[in-house]
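J.: Have a look at this one before I ask anything.
Read the figures in this text as sums done on the coordinates, not as results from a lab. As the structure is a computational prediction, the values presented were derived from the model and not from experiment. Glycine also receives a Cβ, built like all others from the backbone with ideal geometry; neighbour counts cover every protein chain displayed.
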Amino acid sequence: MALYSDRWISCDDHAIVIRGYYFPWGSKRIAYGKIRSAVLVPTASRSGKARIWGTANPTLWASLDPQRPFKEWALILDIGSRIRPFLTPDDIDAVAQIIHRKAGVAVAQEESREIV
């Protein structure tokens, strides 16, 4: 059963599914138990707002989201690997609440971060 779903991100009882994560359209499934931390960061020109897919930062990976330039916030997940997913769900508050409830981690908020 879906707890949350938009065009690119969905959350069910066990995991987050990120569509458009791998080239060309492969999905990534992240079990809530793998999430060590989650951080909300504002998007801006130097923090991923213009990046529709991919990254120039070797520690982050922005999943495909053609609407990212119009979004104000992103979620960065620490899943215990060198590369951390950079997500911009349509309803970021709903996804943050699901992560908090299902993964048992507080979702921190940062004022700014340069990530491009």
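J.: With +1 on the Cβ of every Lys and Arg and -1 on the Cβ of every Asp and Glu, and nothing else charged, how large is the dipole of the chain about its Cα centre, in debye rounded to the nearest 20?
T.: So the dipole magnitude of the chain works out to roughly 420 debye.
J.: Less than 12 Å apart at the alpha-carbon level, and either on another chain or at least 8 residues along: which aspartates and glutamates does that give for Lys71?
T.: Leaving aside aspartates and glutamates fewer than 8 places away in the same chain, those within reach of Lys71 are Asp90, Asp91.
J.: How high is the relative contact order of region 33-109, in percent, counting Cα pairs under 8 Å that sit 6 or more residues apart? Show your work: numbers first, answer last.
T.: On the way: 140 pairs, mean separation 28.7, N = 77.
Relative contact order for region 33-109 comes out at 37 percent.
J.: Another question, if that's okay. Only bridges with both residues in the chain count here: give the DSSP antiparallel percent, nearest 5.
T.: On the way: 20 of 26 bridges.
The antiparallel fraction comes to roughly 75 percent.
J.: Also, quick follow-up: Using a Gaussian network model of the chain with C-alpha springs under 10 Å, which one of Pro66, Pro42, Pro24 is most mobile by mean-square fluctuation?
T.: Fluctuation is largest for Pro24.
J.: Using Cα springs under 10 Å in a Gaussian network model of the chain, which residue among Ser81, Ser37, Ser27 shows the largest mean-square fluctuation?
T.: Most flexible of the set in this elastic network: Ser81.
J.: Among Ala62, Ile98, Trp73, pick out the residue whose Cα is farthest towards the positive end of the charge dipole of region 33-109, where Lys and Arg carry +1 and Asp and Glu carry -1 on C-beta, about the Cα centre.
T.: Result: Ala62.
J.: Net charge around Ala103, counting only other residues with Cβ within less than 10 Å of its Cβ (Lys, Arg = +1; Asp, Glu = -1)? The partial results should precede the final answer.
T.: Details: positive: Lys34, Arg36, Arg101, Lys102; negative: none.
Cβ neighbours under 10 Å give a net charge of +4.
J.: Could you put Thr43, Thr55 in order, starting from the residue whose Cβ has the fewest other Cβ atoms within 10 Å? Before the final figure, lay out the partial values.
T.: Working: Thr43 21, Thr55 16.
Fewest-to-most ranking of Thr43, Thr55: Thr55, Thr43.
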